[in-house]
1. How many residues are more than 16 Å from ligand 2 (Cβ to nearest atom), of a type outside the set (S, T, N, Q) and in contact with an Asp or Glu (Cβ under 7 Å, 6 or more places away or on another chain) if we restrict to the stretch 272-300?
2. Check the stretch 113-121 and report whether any residue there is in contact with a Gly (Cβ under 7 Å, 6 or more places away or on another chain) and either farther than 23 Å from residue 142 by Cα or open to solvent by less than 40 Å² (accessible area, probe 1.4 Å) (or both).
3. Can we say residue 107 is open to solvent by 20 Å² or more (accessible area, probe 1.4 Å), among the acidic types (Asp, Glu) and closer than 24 Å to residue 30 by Cβ?
4. When you go through 270, 332 one by one, which is the residue that is closer than 30 Å to residue 192 by Cα, modelled with pLDDT of 95 or more, in contact with a Pro (Cβ under 8 Å, 6 or more places away or on another chain) and within 16 Å of ligand 1 (Cβ to nearest atom)?
5. I'd like the full set of residues that are within 13 Å of residue 541 (Cα to Cα), part of a loop (DSSP other than H, G, I, E, B) and aliphatic (A, V, I, L, M), limited to the stretch 477-524.
6. Sort out which residues of the stretch 90-104 are loosely packed, with under 15 Cβ neighbours inside 10 Å and modelled with pLDDT of 95 or more, and write them in order of number.
7. Between a first residue in the stretch 333-344 that is within 18 Å of residue 393 (Cβ to Cβ) and in a helix (DSSP H, G or I) and a second residue that is within 16 Å of ligand 1 (Cβ to nearest atom) and not β-branched (Val, Ile, Thr), which pairs have beta carbons less than 9 Å apart while being 6 or more apart in sequence or on different chains?
8. Name the residues in the stretch 160-173 that are buried (at least 22 other Cβ atoms within 10 Å of the Cβ) and either outside any loop (DSSP other than H, G, I, E, B) or not small (Gly, Ala, Ser) (or both), would you?
Amino acid sequence: MKKLFGFILILMCIMQFSNSYAADSIADYKVVPLPKSIVMQKGEPFVMSNTTNVVYPEGNDLMKRNAEFLVEYVKKSTGLTLTVTTKPQKKASNIILSLDKKAVGTEAYKIVVTKKSAVISGLTPNGVFYGIQTLRKSLPILSTAADVTLPAATVTDSPRFSYRGMMLDCGRHFFPVDVVKEYIDLLALHGMNTFHWHLTEDQGWRIEIKKYPELTKIGSVRKHTVIGHNSPVYDDTPYGGFYTQEQAKEIVAYAKERYITVIPEIDMPGHMLGALASYPELGCTGGPYEVSPSWGVFDDILCAGKEKTFKFIEDVLDELIEIFPSEYIHLGGDEAPKTCWEKCPNCQQRIKDEHIVGDEKQSAEAKLQGYFVKRIEKYLNSKGRKIIGWDEILDADVNQSATIMSWRGMEGGLRASEMGHDVIMSPTTYAYFDYYQTKADTKSILLIGGYLPLSKVYSFEPVPATLSDNAKKHIFGVQANLWTEYLTCKGLVEYQVLPRMAAISEIQWINSDKKNYDNFVTRLPHLIDLYKLYGLTVAQYE
Ligand code: ACM
Ligand code: ZN
């Protein structure tokens, strides 16, 4: 009997031991994006359980919020309930969040795991937040866990590009505040720091401007929507939606808590039918105009000859900068046909008055767009802001101070960087997530077209070796875009970005010599499990 009791005791000990080291409850730091350095250490692991504390420096609200984020993430992934405190408990296990004045880089972090503690440190709370994201992605996904084992290790990490963004087009389809917040959560999960919010379109103006109430009364609603790729058939449903200034501020604050800057885009002078339908006097012909029920590029754009156009834009920007504290405001500038400007007496008068002369490379009307952009840039500079524009603005002779977002391939961005412009690379070839990601999808869902599988996204090198050293320094950002002509619901938004967002995040974060697709796809399934844990719709990849 005694023998049997002893045997059971030993068995229980083995079970206890094997439970705490069970393979499925061990964290793995090889996440997406892959940290710069992971050095596994000898020694016993750190064991996280319901008695673990998350300790933050007293009086630091950002670090307190960081601690709360970590508690929330751990609960979701493992079911464990950690406790936020400012005082480490000697007898309990402690995850310590700390600021390290000697650390280098505002977004860098370090995780040091020993038997005694897991310390996540950085120069700033922003860096610590990224360390928390890495730890979160390292965790096993368990419905209930007694504890989770973090192997002894030192992880050090910092991002390659300072601007890491994703765009969401809320003009073609409107997404409620909760969906925008979910998108921001995804950015945070992938270590991104910029949400580019495309707010105005031919098919709908989506941001409240108090001085121009018709923008949201008339400009935010199209009377119906075309079926398919611009067929002759329309649905019977008016479609609309807009964000109040209060809601936009709520989104800015939500993003800020996650170390994400929201850059609003008011696309001008093209893609403006929402505004023109509301205030037809802003167009060259005076209208009438209609909020577009179909997709494409339209000849009717803002008149560059009329002073009231500039007054309108300045008024809109005045309200916008009160909502968005971002250093940059995106002025769009893409796809602006000059057919109306060629015929418009006001635009032609402006060309004369400003002594704008066309040459063999650019027409006078193309250069008029340069006048337009420069004038608005000057206005925004006077308010302490800088501008970003799509690469078309480069063809309009804009100032070197304008940041160029290269979308028609890489060429515009490369040329811009050699000319001394700062550049964000966002080419259709690698970063347009409205394109198909699998061949099978072409038969099952209606999208704009194109084919951009995960592997192609991963092959993106934003800074070609052939560029001059000086130009290389100007490419400071990488962004993927989600245009939404055919994305009618939240599920499709998720489907189109997942898992391609994982690939672009690794382009944004890790150095090119560390990139390895085969290795990436071994790390991806765990992240996909995490997406699914959050109830997200994820595409197959090929
Ligand atoms: C764009 O895709 N029209 C910037
Ligand atoms: Zn005009």
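The values are calculated or read from the model by the stated rules, or taken from the named source; none is laboratory data. This one's a predicted model, so the numbers in the text were calculated from it and none came from an experiment. Heads up, the Cβs are rebuilt from the backbone with ideal geometry, glycines too, and the neighbour counts pull from every protein chain shown. Each accessible area value is taken on the protein alone, full model and side chains, heavy atoms only, with ligands, DNA and RNA left out. Shrake-Rupley method; radii C 1.70, N 1.55, O 1.52, S 1.80 Å.
1. 4
2. Taking the stretch 113-121 as the starting set, the residues that turn out to be in contact with a Gly (Cβ under 7 Å, 6 or more places away or on another chain) are 114-115, 120.
Checking which are either farther than 23 Å from residue 142 by Cα or open to solvent by less than 40 Å² (accessible area, probe 1.4 Å) (or both) leaves us with 120.
The answer is yes; a qualifying residue exists.
3. Numbers: open to solvent by 20 Å² or more (accessible area, probe 1.4 Å): yes; among the acidic types (Asp, Glu): yes; closer than 24 Å to residue 30 by Cβ: yes.
Answer is yes for this residue.
4. Details: 332 fails: in contact with a Pro (Cβ under 8 Å, 6 or more places away or on another chain).
Criteria check complete, one pass: 270.
5. 498
6. 101, 102, 104
7. 341/269; 341/369
8. Of the stretch 160-173, the ones buried (at least 22 other Cβ atoms within 10 Å of the Cβ) are 163-173.
Across the stretch 160-173, the qualifying residues are 163, 164, 165, 166, 167, 168, 169, 170, 172, 173.
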